[in-house]
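Here is the structure we will look at, set down as structure tokens.
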């Protein structure tokens, strides 16, 4: 099984989120501006607990954030208060943390533009950016939190 993928969506504007995450030394991540806000793509090997901490940092900036983690056969999501899942969610998260979320079996309700970004991640179009992210924060802002469109070099249809 390949590594699970993760994204965090917030209605916050990209520029403000980038500055606040840089100040908090949070990251690394690629920020993708979308009409509904910003999609944050953390490094590919991030664990669920680390992604949850990053989502909390995003909530401090944008007042809301939806964390989505998925693999071909399952997905889990949380907005910090509610959570849901489809498929074999236990493989994607630690059991103790997952049960504290009181998850119910149901898919995430993503804005259409965020669902498009997820589809592009599934196609591998984000891998150039996400796999190139450094392992640790503390690097210059343009290296740690690049604002890049996932579709650079390709078009949406």
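Any idea how far apart residue 19 and residue 88 come out in nm if each label point goes 7 Å out from Cα toward Cβ?
The two pseudo-label positions are separated by 4.6 nm.
So how do 72-78, 37-43 stack up, highest first, on mean other-Cβ count within 10 Å?
37-43, 72-78
No lab work stands behind these numbers, since they all come straight from the coordinates. Note that the structure is predicted; figures quoted are calculated from it, not measured. Every residue, glycine among them, receives a Cβ derived from its backbone with ideal geometry; neighbour counts consider all protein chains shown.
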